[in-house]
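The values are calculated or read from the model by the stated rules, or taken from the named source; none is laboratory data. Bear in mind that the values here come from a model prediction, so they are computed numbers and not experimental data. Positions of Cβ are generated from backbone atoms using ideal geometry, with glycine treated the same way; all protein chains shown enter the neighbour counts. Surface areas here come from the heavy atoms of the whole protein model, side chains and all, with no ligands, DNA or RNA. Shrake-Rupley method; radii C 1.70, N 1.55, O 1.52, S 1.80 Å.
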Amino acid sequence: MRALLSLLGRTIDTLGLFVGRLLFLLLLLVVLLMIFSGPDAPQVPSESALVLAPAGVISEEVPIANAADLVLGSGVMRGSLLHEMQEALLSAASDDRIKALVIDTRDLISISPAQMEALGSTIALFKDSGKPVYAWGESFNQQQYALASYADSIMLHPMGGVMLNGYGGSQLFFRDLLDRMNVTVHVFRVGEFKSASEPYTRMEMSEESRADSQALVDALWGRYLDILAANREMPAEVFQAYADQYAQRLVSANGDMARVAFEAGLVDNIAGADSFRRQVAATVGVEDGSFRQIHFEDYLVASATPQPVMADQVGIIVVQGTIMPGEQAPGLIGADSTVELIRQAQQDDAIRSVVVRVDSPGGSAIASEEIRSALVQLQQAGKPVVVSMGGTAASGGYWIAATADEIWASPATITGSIGVIGVIPTFENALAYLGVGVDGVGTTALAGSGDPLSGLNETMQTIFQSNVEDAYRRFLQLVADGRNMSVAEVDAIAQGRVWTGEQALGLGLVDSLGDLDQAVNAAAQLAGLNEWQSVYLHRELSPGEQFLIQMIDTMGTAQIQAAVQNGLGLTAGAAEGTSVDSLWGAALSALPPAMRQHWQAMLDIVLPADRGYDRLRMIMVCDTCLGAY
């Protein structure tokens, strides 16, 4: 009987796995049909409203999730592209078919202060056309409200609210976790304010790091308040008081958040979605039970026209994410993959100059230098290089930019963090805990001195510290050469300090304040071009990556992840159980998407799977940048 029941159980399990995989294949077939037999190309309705609905984490390029990410549930969340939203707004401003703009921020998860200002400036250009701009929300967080503030009229749901929490953030500190694992992390650093090593050696911020971070968020908050004040035509103190007194005001309003926002002047009306639709419909008319409209992504498709290839071009290379060695998919900066794009620009006679759009807190020091060196070769080939800084261009991100012909930044860009740290883990305590001893012989004083299993002796620590100090001197020298400053002048504003783009301009770390378009114009002028077109240079996506993007666009990441896991016979828990780093993965899953990807990349740099653990990992990263907003 026991054998029979066991056989029955195995049969049921096999049938379940078979049915699961069959359902996955059927789902895959449905997706293929949806992709290749989708709806007709969108058309721009006459007398319609353009709907600007940024979604997810706003980015400079499309990140790619791989199959393992989908199985383990750690895929990168896709978001709207900044330049596509700006392109739609600029085109719609002069399009007679578009009579209004609607800002819908409900699906916006994260946008950096610099990106917010760039997108807001483009909304302001749309407003210059004389077309009305409306915003409505079920509620607004700080980032969502910043975009909504550019509207002529803001309407809030009766059960919604506006939360202005201010800038700030927290960091993760792993010292005690590493202690429990009996892993010793040796950190070698240069720079009084270089706090990137603190997560491995402390459980709280140092006073230097706290002061530096506080100065940064104070500067960003001041710019934020000034933008709200200008957009809403109210003193900045009104918004500061709203944030400081929110709890008391909410109690006085019996918990009515919408009323608190309305009485403070942050919104113009309180009404539901139907009232908002009627308000916009009064301008653009009614269609399908709502106001006549077209989403900005559909608008780009509908209004796209083939552009003739011009003889002179300005190439745009996006470097976004943590800087890492080797080949990396979009969303991370791989030294090899980025250098390949630079060489492509160098070999293309049509590309006369290049703009590098940097949005990175840094990463591997060697990878940063490989990219910068390739840019220098491009300059030596007679092609000017202009760097356009996005939300963050700090530490390794600034290393890449330092010797460009011109550097442009947003006033709210986070940059600087000129400093270097070195990290190497050793496992002598872990082995001792397990009852394992380490001993050996050698032919020189250095033999075995860097063995990660026996720890680092004083000689090896001296060597590594000297190595890091040399990297810092190189950093200072290349900044001095690129910015026409003395090494002493650079050192005075370096030491790991972070600055806003506005502050960096005054310090001489950047040449001008402006957006990507202005940087492209500067690159064209440096190349002596009167007529040109800008082109994005991308790594060619494999057929599998292209298919994955289409699937995500059609179904969404969560549905694909569930389908893949079910197709492989895995539950969510089982998928997590297949990962060696399941505990680390569980911790990462609680972080915002951008921080999650960064910390996974940093772990890969510090503890790479394909490199010896006795090799010093020199890191140039701005940890302050990650939690600033």
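General observations
- Selection status of Ala365, modelled with pLDDT under 95 and closer than 23 Å to Leu82 by Cα: no
- Qualifying residue in the range 543-559 (condition: at pLDDT 85 or above, out of contact with any Phe, Trp or Tyr (no Cβ under 7 Å at 6 or more places or on another chain) and either open to solvent by 50 Å² or more (accessible area, probe 1.4 Å) or assigned to a helix (DSSP H, G or I) (or both)): no
- Of all residues making up the range 229-246, the number that are farther than 17 Å from Gly168 by Cβ and either open to solvent by 30 Å² or more (accessible area, probe 1.4 Å) or touching a Ser or Thr at 6+ places or on another chain (Cβ under 8 Å) (or both): 9
- Among the residues making up the range 255-276, a single one is open to solvent by 60 Å² or more (accessible area, probe 1.4 Å) and either among the small types (Gly, Ala, Ser) or at pLDDT below 95 (or both): Asp274.
- Of the residues in the range 261-272, at least one is more than 24 Å from Ser121 (Cα to Cα) and among the β-branched types (Val, Ile, Thr).
- The range 412-434, subset part of a loop (DSSP other than H, G, I, E, B) and open to solvent by less than 20 Å² (accessible area, probe 1.4 Å), residue farthest from Tyr167 (Cα to Cα): Gly419
- One residue stands out among those in the range 419-433 that are in contact with a helix residue (DSSP H, G or I) (Cβ under 6 Å, 6 or more places away or on another chain) and of a type outside the set (Gly, Ala, Ser): the one that is modelled with the lowest pLDDT, which is Val423.
- Pro452 vs. criteria closer than 30 Å to Ala219 by Cβ, of a type outside the set (A, V, I, L, M) and in contact with an Asp or Glu (Cβ under 8 Å, 6 or more places away or on another chain): no
- Of all the criteria given as (1) of a type in the set (Gly, Ala, Ser); (2) assigned to a strand (DSSP E or B); (3) open to solvent by 10 Å² or more (accessible area, probe 1.4 Å), the one not satisfied by Ala100 is (3).
- Test result for Gln214, within 30 Å of Pro199 (Cα to Cα), under 32 Å from the mean Cα position of the chain (by Cα), polar (S, T, N, Q) and surrounded by fewer than 20 Cβ atoms within 10 Å (Cβ to Cβ): yes
- If you filter the range 175-201 down to residues that are assigned to a loop (DSSP other than H, G, I, E, B), modelled with pLDDT under 85 and touching a helix residue (DSSP H, G or I) at 6+ places or on another chain (Cβ under 8 Å), you find that the one that is surrounded by the fewest Cβ atoms within 10 Å (Cβ to Cβ) is Glu192.
- Which numbered condition Gly508 fails, given (1) modelled with pLDDT of 95 or more; (2) open to solvent by 30 Å² or more (accessible area, probe 1.4 Å): (2)
- Scan of the range 510-537 for residues that are closer than 12 Å to Trp408 by Cβ and within 22 Å of the chain's Cα centre (by Cα), ordered by number: Val510, Leu513, Gly514, Asp515, Leu516, Asp517, Gln518, Ala519, Val520
- Here Tyr224 meets the list (1) open to solvent by less than 40 Å² (accessible area, probe 1.4 Å); (2) closer than 14 Å to Val423 by Cβ; (3) of a type outside the set (A, V, I, L, M, F, W, C) almost entirely, failing just condition (2).
- If you filter the range 284-312 down to residues that are among the β-branched types (Val, Ile, Thr) and either touching a helix residue (DSSP H, G or I) at 6+ places or on another chain (Cβ under 7 Å) or touching a residue at least 12 places away in the same chain (Cβ under 8 Å) (or both), you find that the one that is farthest from Val133 (Cα to Cα) is Val309.
- Taken over the range 328-378, the criterion of being open to solvent by 30 Å² or more (accessible area, probe 1.4 Å) and closer than 19 Å to Thr415 by Cβ is satisfied by Glu369, Arg372.
- Lone qualifier among Gly455, Gly437, Gly391, Gly448 - being part of a loop (DSSP other than H, G, I, E, B), open to solvent by less than 30 Å² (accessible area, probe 1.4 Å) and at pLDDT below 95: Gly455
- All told, Ser129 falls short of being in a helix (DSSP H, G or I), open to solvent by 20 Å² or more (accessible area, probe 1.4 Å), closer than 30 Å to Ile98 by Cα and hydroxyl-bearing (Ser, Thr, Tyr).
- Residue check, Gly120 under 30 Å from Arg497 (Cβ atoms), at pLDDT 95 or above and either of a type outside the set (A, V, I, L, M) or open to solvent by less than 40 Å² (accessible area, probe 1.4 Å) (or both): yes
- Those residues of the range 458-478 which are in contact with a helix residue (DSSP H, G or I) (Cβ under 9 Å, 6 or more places away or on another chain) and either at pLDDT below 85 or charged (D, E, K, R) (or both), in sequence order: Arg473, Arg474
- Any pair with Cβ under 6 angstrom, 6 or more apart, that starts in the range 321-332 at a residue that is among the small types (Gly, Ala, Ser) and ends at one that is open to solvent by 30 Å² or more (accessible area, probe 1.4 Å) and at pLDDT 90 or above: Gly326/Asp336
- Those residues of the range 277-294 which are closer than 16 Å to Gly137 by Cβ and open to solvent by 50 Å² or more (accessible area, probe 1.4 Å), in sequence order: Arg277, Gln279
- Asn484 fulfils the conditions (1) at positive phi; (2) more than 35 Å from the chain's Cα centre (by Cα); (3) open to solvent by 70 Å² or more (accessible area, probe 1.4 Å) except for a single criterion, (2).
- Residues satisfying the stated conditions in the range 274-330, i.e. outside any strand (DSSP E or B) and among the aromatic types (Phe, Trp, Tyr): Phe276, Phe296, Tyr299
- Residue within the range 212-219 that is under 30 Å from Phe188 (Cβ atoms), in contact (Cβ under 8 Å) with a residue 12 or more places away in the chain, in a helix (DSSP H, G or I) and not aliphatic (A, V, I, L, M) present: yes
- Residues satisfying the stated conditions in the range 50-69, i.e. of a type in the set (Gly, Ala, Ser) and at pLDDT 70 or above: Ala53, Ala55, Gly56, Ser59
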